[in-house]
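For reference, the structure is listed below as structure tokens.
The values are calculated or read from the model by the stated rules, or taken from the named source; none is laboratory data. It should be emphasised that the depicted structure is a prediction, and the values quoted were computed from it without experimental measurement. Methodologically, a virtual Cβ is constructed for each residue, glycine included, from the backbone with ideal geometry; neighbour enumeration extends over all protein chains shown. Note: areas computed on protein heavy atoms with side chains; ligands, DNA, RNA excluded. Shrake-Rupley method; radii C 1.70, N 1.55, O 1.52, S 1.80 Å.
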Amino acid sequence: MTDCLFCKIVNDEVKASIVYRDEQVTAFRDIHPVAPTHILIIPNRHIESVNQLQVEDEPLIGHMFLVGRQIAAQENIHQSGYRIIVNTGSHGGQTVFHMHLHLIGGQRMRHPIG
Ligand code: AMP
Ligand code: ZN
């Protein structure tokens with residue numbers, strides 16, 4: 001997608017603080033962190049939201065979670081705990097329409113959300 005911000009980050013057309021990258025996913029620090037660790041994990045291929053996922057994307061989604069866990073360990077928040085969130089659509093609070101996991105931690109999360 002030519003005018004997608006996150007595709008541009010994947011293609012190095014927009015700068016980001018990248019913490020992890022492989023052939024399937026890219027992870028970078030959120031520009032407006034809500035906690036000491038706030039990292040976005042995105043598929044390198046443009047997928048608008050959870051609503052556009054296909055059955056063939058199941059391994060990709062599993063990979064995104066395992067990368068999330070690995071980055072949590074890298075950030076040293078895996079023992080204290082963290083939250084992984086996927087906002088979907090308007091009511092879900094999605095503002096960038098390239099699917100992403102938010103990995104958030106480094107402080108106690110408020111609960112309940114919503
Ligand atoms: P969402 O509201 O779930 O769609 O999340 C989009 C997230 O992208 C927000 O937390 C923004 O702060 C973050 N964001 C927007 N632009 C950038 C950018 N250029 N680099 C890093 N994070 C960004
Ligand atoms: Zn995109």
| Among the residues of region 1-26 satisfying the criterion of being more than 11 Å from ligand 1 (Cβ to nearest atom) and among the aliphatic types (A, V, I, L, M), which is most open to solvent (accessible area, probe 1.4 Å)? | Met1
| task | Return yes when Ala72 is of a type outside the set (Val, Ile, Thr) and within 15 Å of ligand 1 (Cβ to nearest atom) and no when it is not. | result | no
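Looking at Gly68, Gly62, Gly89, which one is modelled with pLDDT of 95 or more and on the phi > 0 side of the Ramachandran plot?
Result: Gly89 is the single residue among Gly68, Gly62, Gly89 that is modelled with pLDDT of 95 or more and on the phi > 0 side of the Ramachandran plot.
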| field | Condition broken by Asp57, with the remaining ones in (1) within 16 Å of ligand 2 (Cβ to nearest atom); (2) over 21 Å from Ala16 (Cα atoms); (3) loosely packed, with under 11 Cβ neighbours inside 10 Å satisfied | value | (3)
| Cys7 passes all but one of (1) assigned to a helix (DSSP H, G or I); (2) of a type outside the set (Ser, Thr, Tyr); (3) under 13 Å from Val96 (Cβ atoms); (4) without any contact (Cβ under 8 Å) to a residue 40 or more places away in the chain; which number fails? | (4)
| Yes or no: Asn76 open to solvent by less than 70 Å² (accessible area, probe 1.4 Å) and in a loop (DSSP other than H, G, I, E, B)? | no
| field | Residues of region 28-69 that turn out to be touching a Gly at 6+ places or on another chain (Cβ under 9 Å) and over 23 Å from Gly81 (Cβ atoms), as a count | value | 3
